[in-house]
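Q: Structure in structure tokens, see below.
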Amino acid sequence: MLWGIFVMVSRIVVTGHGVTAQAVQAYCDRMGYPCVSRSDTEICAHDWVVMSPGVDPQSVPLPAGAVMLSEVEFAYREWQRLPADQRPQLIGVTGTNGKSTTATLIATVLDCPVVGNIGDPLIGYVGRDYPWLVCELSSYQLELCDQFTCSIAVLLNIQPDHLERHKTLEAYIRAKMTIVNTATRFVFYNASDGHLSAQLAMMPEPIKRAIYPEVLAGYSILESRPSNWLSVQAAVSVGGLVGVDAGVMRERMACFRGLPHRMERVMGGPAGVRVYNDSKATNPAAVAMAVASVVEESPVILILCGQPKATCHAALCGQINRQVTAVVVCGGMVPMVTDWVAQGQLTVPVTGVDTVAESVEAAFELAAGTGVVLFSPAGSSQDAFETFAQRGDAFKACVVAWR
């Protein structure tokens, strides 16, 4: 028998078998907590069921008395059992797009670990000696939090996404806004985002601090692309708040070259054609930002692929019509893009192919030795790949192998 925060707990039950479940199991082993996999047991009253982000809570029946919580919530509750001087200050970063780059850039400025959705699970840092931790937080991690508190919260944007799981935009927003509560000391938010501004309208000004997707010159090579402006603003704002010298921030940020699969320049392909791997762009808003960031390098050949998201693509179609020369589509996106063309929503030339390799060949032929080939899929990777990283690696391999 163990004790949570004033609650008797009989054991920890983990769902899934991935990185999160393994980290929870390792922590429980270290602490001597009874811990079992849901696949090996029935959930009982007084169990704490620690959910892996990829497992939908609706798929796990919960008996009366049992508690369902995310791994980050479990980690936070475990920290509360420790003396205050043994708990780190948490900087939480969330948003539909840009979380990973922003969280990594803040961690670079503070010279501290980045954990959570991008890095190692948070539970692995309980009991370790770090004054600051930067935690990237997805809606899947936040939806099962009620005590979890960040000292500093960073909210980047909210666009419709993951509605297959959350069902409505309102539910998705509620999950995202769990990052903020009455104990949060400071909130940096993108004041140009209507959803965030509405959600934070009643928060007092000394706590909430506006940032904007505007260029902040002299801090990072990332400032050259509009898609990175908000990340740089957030990192400099957080760094300044916690007392990092501006010169130190510039020095540390100068070493950061961006993350793989996020507007990553790929060396290869025909002479005169610039190639970008943006496999992480799994929703229309992310693709729109990617297109906007390369429009001045036109002509732009856009490759779409993946499993379509249950969200509106009308705005993206309009932007493609204005700023993209041609589209190549493969995989699960083919039926949807075909419908866009049939309905008159998409008016640029569209080439349909079967595989990522074929999409690279078609895009290079359309580029005709100039402009940009942008791999920014707009869909999740599960139609043909396990992860967006695997998909991006496949794309890069095709570009490098092209002759």
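Q: Give a quick list of chymotrypsin sites (Phe, Trp or Tyr not before Pro) in region 84-186 that DSSP marks as loop, anything other than H, G, I, E or B, with at most 11 other Cβ atoms within 10 Å.
A: Working: sites: Tyr125, Trp132, Tyr140, Phe148, Tyr172, Phe186; in loops: Phe148.
Loop-located and lightly packed - none at all.
Q: Still on this structure, I have one more. On a straight-distance basis, which lysines could pair with Lys396 in a cross-link, Cα separation under 27 angstrom, same-chain partners fewer than 8 positions away excluded?
A: Partners found: Lys99, Lys280, Lys309.
Q: Any idea what the dipole of the chain comes to, in debye rounded to 20, about its Cα centre with Lys/Arg Cβ at +1 and Asp/Glu Cβ at -1? Spell out each step's value before the answer.
A: Details: 28 positive and 36 negative charges, 110 e Å.
With Lys and Arg at +1 and Asp and Glu at -1, about 520 debye.
Q: A further question on this structure: Please arrange Asp29, Asp393, Asp193 by counting, for each residue, the other beta carbons lying within 10 Å of its beta carbon, fewest first. All intermediate terms of the calculation are to be shown ahead of the outcome.
A: On the way: Asp29 10, Asp393 16, Asp193 21.
Ascending number of Cβ neighbours within 10 Å: Asp29, Asp393, Asp193.
Q: On to the next question. How much net charge surrounds Val266 when only the other residues with a Cβ under 13 Å from the Cβ of Val266 are counted, with Lys and Arg +1 and Asp and Glu -1? The partial results should precede the final answer.
A: On the way: positive: Arg262, Arg265, Arg274, Lys396; negative: Glu264, Asp278, Asp393.
Neighbourhood net charge equals +1.
Q: Right, another one. Excluding Ala286 itself, what net charge comes from residues whose Cβ is under 12 Å from its Cβ, given Lys and Arg +1 and Asp and Glu -1? Working shown, then result.
A: On the way: positive: Lys99, Arg262, Lys280, Lys309; negative: Asp161, Asp278.
Neighbourhood net charge equals +2.
Q: Could you please rank Tyr212, Tyr33, placing first whichever residue has the fewest other Cβ atoms within 10 Å of its Cβ? Walk me through the numbers before you get to the answer.
A: Numbers: Tyr212 13, Tyr33 16.
Going from least to most buried by this count: Tyr212, Tyr33.
Q: Still on this model: In region 1-109, which chymotrypsin sites (Phe, Trp or Tyr not before Pro) are in a loop and have at most 13 other Cβ atoms within 10 Å, using DSSP for the loop call?
A: Those satisfying the criteria are Phe6.
Q: If you don't mind, there's one more thing I want to ask. Cross-link candidates for Lys167: which aspartates and glutamates have Cα within less than 14 Å, leaving aside residues fewer than 8 places away along the same chain?
A: Asp56, Glu143
Q: I would also like to ask the following. Of the options Ala210, Trp229, Ala183, report the single residue whose Cα projects farthest towards the positive end of the charge dipole of region 175-248 (beta-carbon charges: Lys, Arg +1; Asp, Glu -1).
A: Of Ala210, Trp229, Ala183, it is Ala183.
Q: Let me ask something else. May I ask for the Rg/Rh ratio of the chain, computed from Cα atoms with Rh as the Kirkwood radius, given to two decimals?
A: Working: Rg = 22.1 Å, Rh = 22.4 Å.
Rg/Rh for the chain comes to 0.99.
Q: Counting Lys and Arg as +1 and Asp and Glu as -1, what is the net charge of the other residues whose Cβ lies under 12 Å from the Cβ of Leu216? Display every interim value, and only then the final one.
A: Values: positive: Arg250; negative: Glu214, Glu223.
For residues surrounding Leu216, the net value is -1.
Q: Which trypsin sites (Lys or Arg not before Pro) does region 132-192 hold that lie in a coil by DSSP with at most 16 other beta carbons within 10 Å?
A: Details: sites: Arg165, Lys167, Arg174, Lys176, Arg185; in loops: Lys167, Arg185.
In loop regions of region 132-192 (DSSP not H, G, I, E or B), the sparsely surrounded trypsin sites (Lys or Arg not before Pro) are Lys167, Arg185.
Every number here is computed from the coordinates shown, using simple stated rules; none is lab data. Please read these numbers as outputs of a predicted model, since none were measured by experiment. Here Cβ is always computed from backbone atoms with ideal geometry, including for glycine, and neighbour counts include all displayed protein chains.
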